[in-house]
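Here is the structure we will look at, set down as structure tokens.
The values are calculated or read from the model by the stated rules, or taken from the named source; none is laboratory data. Note that the structure is a prediction, hence the values are computed from the model and not measured. Ideal geometry is used to build each Cβ from the backbone, glycine not excepted, and the neighbour counts take in all protein chains shown. The area values use the complete protein model at the heavy-atom level, side chains included, leaving out ligands, DNA and RNA. Shrake-Rupley method; radii C 1.70, N 1.55, O 1.52, S 1.80 Å.
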Amino acid sequence: MNKNRLNMFNKQFFIDSLGWGLTLWIIGYILGIIFFFIFPPSLIGWFIMPIGIAITFWVLLKKVKSVAFDYYLILAIVWTAIAVVFDYLFIVKMLNPSDGYYKLDVYLYYVFTFIIPLFAGWRKNARTNGQVGSRV
């Protein structure tokens, strides 16, 4: 393993992966509780999703400093694993929604949780290499 890949597993990596992954999940969980009193349960995910996407992009573009695409790939894996496991434990098992939990909005949320870090990593990596925004 080269030195750049070893640097990935430092304090900042754990902040970016576990710290921000858990923070983003908790934000969505709290919004879900708040929105439970405002919207029908079947629509809660659709109202959380645009807010979650905006916050996730903000975190990736402003707080995560790496430009290595593989760093973002690992973030995508960790953040998606956090979302799937914590949703199952704290929503499916603990709250046991009467109409079930896994619907189109939840599957899209998992897809976005995986794809958004990849897009941000590709964009940052391409900008660093001069491939985005340059004229030919």
**Q.** Selection within the stretch 44-72 - outside any helix (DSSP H, G or I) and without any contact (Cβ under 8 Å) to a residue 60 or more places away in the chain
**A.** Val64, Lys65, Ser66
Q | the stretch 58-75: number of residues that are closer than 12 Å to Lys124 by Cβ and within 11 Å of the chain's Cα centre (by Cα) | A | 3
(Q) Looking only at the stretch 11-43, count every residue that is closer than 19 Å to Ile82 by Cα and either assigned to a loop (DSSP other than H, G, I, E, B) or among the charged types (D, E, K, R) (or both) and tell me the total. (A) 2
(Q) As an exercise: evaluate Val92 against (1) within 18 Å of the chain's Cα centre (by Cα); (2) in a helix (DSSP H, G or I); (3) surrounded by fewer than 18 Cβ atoms within 10 Å (Cβ to Cβ) and give the number of the one condition it does not meet. (A) (1)
Q.
Would you confirm whether or not the stretch 114-126 contains a residue that is surrounded by fewer than 16 Cβ atoms within 10 Å (Cβ to Cβ), at pLDDT 95 or above and small (Gly, Ala, Ser)?
A. no
Q. Going by the structure shown, is Leu75 part of a helix (DSSP H, G or I), open to solvent by less than 30 Å² (accessible area, probe 1.4 Å), among the aliphatic types (A, V, I, L, M) and free of Cβ contacts under 8 Å to residues at least 60 places away in the same chain?
A. yes
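Can you tell me which residue is surrounded by the fewest Cβ atoms within 10 Å (Cβ to Cβ) among those in the stretch 28-66 that are closer than 23 Å to Phe14 by Cα and of a type in the set (Phe, Trp, Tyr)?
Step one: filter the stretch 28-66 for residues closer than 23 Å to Phe14 by Cα, giving 28-30, 52-66.
Pick out the ones that are also of a type in the set (Phe, Trp, Tyr) and you get 29, 57-58.
Details: Tyr29: 15, Phe57: 14, Trp58: 10.
Result: Trp58.
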(Q) Report every pair of residues separated by at least 6 positions or lying on different chains whose Cβ atoms are under 9 Å apart, first residue within the stretch 1-26 and of a type in the set (D, E, K, R), second modelled with pLDDT of 95 or more and exposed (fewer than 12 other Cβ atoms within 10 Å of the Cβ). (A) none
